[in-house]
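Chemist: Let me begin by handing over the structure; questions about it come next.
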Amino acid sequence: MALEKKNIVIDCDNLNLDYQIYNTSSQSFKKKFLITALGGLISEGKYEKSVSVKALKNISIKIYDNDRVGIVGPNGSGKTSLLRVLSGIYHPTNGMIDIKHKVTSLIDLNLGIDPEATGRENIKIRSAILGLKVNEIEDIIESIIEFSDLGNFIDLPYRVYSAGMQLRLAFAVSTTIKPDILIMDEWLSAGDVEFQKKANIRLNSIIKHSKALILASHSAELIMNNCNRIIALDHGQIVFDGLPSSYYGEKK
């Protein structure tokens, strides 16, 4: 019997991401600290007074339809950098990336938010950034307001909202679109207990119907409960790609 052919939804080949971070003149101590902290993945840049940090090095991965991928590794291992490249926020220094479907990133829920604008106005701004057209925004704006539980606060400036209210609005807008590929940096905890219940139901529904999930987390329990594959990074390089049970078994 022929093996089932899986559809590739993200294809990365030999990705590298370098940061030029600061002028190094008279900063030898800082440079030595960075060399130690980043495991040696630092070098002098093109110009004499710049430093290049290799955030990602030779990343080659294929993510398939129905993959639920956990990205793990210590702080500074490159997890967030990889998520931002896959989200289109960063462009790799070199290498190839081919994303076959629409991506929604929940890395920065406040992207595009204007503190001086009202909640209603920010729904329109954020929805436009997510790629919705004017008529599509008008169709969903009331359901977003209802989900956010902001009531009459929706027509007040965003800057007067409490942190919990801001998070509820940002979450409600960002999760309105049903993505083909969902990218998350840790699981979202939005608002009070009752709102978190609603948020978790919505997130689980989105994950269930998406082609792929890419979730970075330090929580082994979260990864085991939501992912069928782990990609582990260390100093910007892939050190493991396989089943969560194999990875966490090896770590015991």
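What follows draws every value from the coordinates through simple rules; no lab data is involved. Not measured: the values here are computed from a predicted model. Cβ sites come from the backbone with ideal geometry, for glycine too, and all protein chains shown count toward neighbours.
Chemist: If you restrict to DSSP beta bridges whose two residues both lie in the range 86-240, what percentage is antiparallel, to the nearest 5?
Modeler: 35 percent
Chemist: Once Rh is set to the Kirkwood radius over Cα pairs, what Stokes-Einstein translational diffusion coefficient, in µm²/s, holds for the range 104-252 at a temperature of 37 °C and a viscosity of 0.692 mPa s?
Modeler: After rounding, the answer is 196 µm²/s.
Chemist: So, counting K/R as plus one and D/E as minus one, what does the shell of residues with Cβ under 12 Å around Pro157 add up to?
Modeler: -2
Chemist: Return the sequence-ordered ³J(HN,Hα) values of the range 70-85 in whole Hz as given by the Karplus equation 6.51 cos²θ - 1.76 cosθ + 1.60 applied to θ = phi - 60°, using x for Gly and Pro.
Modeler: Each residue of the range 70-85 in turn: x, 9, 10, x, x, 4, x, 7, x, 4, 5, 4, 5, 4, 6, 5 Hz.
Chemist: Over the range 40-195, what portion of Cα pair distances is larger than 20 Å, expressed as a whole percent?
Modeler: Value for the range 40-195: 59 percent of Cα pairs lie more than 20 Å apart.
Chemist: While we're looking at this one, here's another question. Pairs Lys102/Lys133; Lys54/Lys100; Lys6/Lys100; Lys6/Lys178; Lys124/Lys178: which are spaced more than 19 Å apart, C-alpha to C-alpha?
Modeler: Listed pairs above 19 Å: Lys54/Lys100; Lys6/Lys178.
Chemist: Rounded to two decimals, what is the ratio between the C-alpha radius of gyration of the range 72-130 and 2.2 N^0.38 Å?
Modeler: 1.41
Chemist: Note down the net charge around Lys198, summing +1 for each Lys or Arg and -1 for each Asp or Glu among other residues with Cβ under 12 Å from its Cβ.
Modeler: Neighbour charge sum, excluding Lys198 itself: -1.
Chemist: Report the gain in length on full extension from Thr93 to Asp11: 0.36 nm times residue separation, minus Cα-Cα distance, nm rounded to one decimal.
Modeler: Here the answer is 27.9 nm.
Chemist: Something else now. In whole angstrom, how far apart do the alpha carbon centroids of the range 185-217 and the range 219-243 sit?
Modeler: 18 Å
Chemist: Turning to a different aspect of this structure: Across every pair of different alpha-carbon atoms, what Kirkwood hydrodynamic radius in Å does the range 108-147 reach?
Modeler: Working: mean 1/r = 0.0970 Å⁻¹.
Hydrodynamic radius (Kirkwood, Cα only) of the range 108-147 equals 10.3 Å.
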